[in-house]
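In what follows, a single structure is set out as structure tokens and then discussed.
The values are calculated or read from the model by the stated rules, or taken from the named source; none is laboratory data. Model, not experiment: these values are computed from the prediction. No Cβ is skipped: glycine too gets one built from the backbone with ideal geometry, and neighbour counts run over all protein chains shown. Ligands, DNA and RNA are stripped out before the accessible areas are found, and what is left, the full protein with its side chains, is counted by its heavy atoms. Shrake-Rupley method; radii C 1.70, N 1.55, O 1.52, S 1.80 Å.
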Amino acid sequence: MAPESTAEPFVPARGGLNALQRAAQGCHGCGLYKDATQTVFGAGPCPAPLMFIGEQPGDREDQEGEPFVGPAGGVLDRVLHDAGIPRDEAYLTNAVKHFKFVLPERGKRRIHKKPSDAEVRACRPWLTAELRIVRPEIVVCLGATAAKALLGNSFRITKSRGIVLDFPEIAELGRQRPRSVLATTHPSAVVRAPDRHAAYQGLLADIEVVAELLNSRGPRAKR
């Protein structure tokens, strides 16, 4: 049996966020790099009190090289504003750093395809490296793929969305792991929803929980 693909050999052992970003551009940890335009790494302040993790970059993100700049990013910007969370306090990234897609029969826009569990696992070293360097206190998983990447395949957003949970123990993070994690739907679900207003209000309610937690946080406890 061939060894499972992983980004681990491409993740630098030293350096900060800039070193990670540079190294990620040459990642061949799974096969997704072959068709994607470029690696789309995370972006935002470092350190940051808050980290949002989505599934993967979309068509616009793949072209521009920045996370959350497409329609879903517009929804996220709006929900952050409405929840009273300063955009400059949030670091945005994805569980998978390359765009996975299929070509449509007609038209030019590439169609998003969900990454496999193996592809999510292959990209996990980049995510844990970001967590280690950005050191957020609160992590928000946007969608099932991001939630399962951190909380395991048994996690169900339908049962636990909007609930503040203790961040799981991850060996690579040691005692520097975040305090809390909350999972909610991905902003793209609002874009696709038949009732966008209801979908947006549900997402906003979950992000308002994050805002309340962010505003009430005290000094970071030692672990």
Task: 1 or more residues among the aliphatic types (A, V, I, L, M), farther than 28 Å from V209 by Cβ and open to solvent by less than 60 Å² (accessible area, probe 1.4 Å): qualifying helices (runs of 4 or more DSSP H) within region 1-112 - done: 17-24
Open item on the list: Is it the case, given these coordinates, that V181 is more than 24 Å from E61 (Cα to Cα), at pLDDT 95 or above and in contact with a Leu (Cβ under 7 Å, 6 or more places away or on another chain)?
Closed with: yes
Open item on the list: Any residue in region 205-217 that is polar (S, T, N, Q) sitting within a Cβ distance under 9 Å of a residue that is open to solvent by 20 Å² or more (accessible area, probe 1.4 Å)? List the pairs, counting only those 6 or more apart or interchain.
Closed with: N215/G84
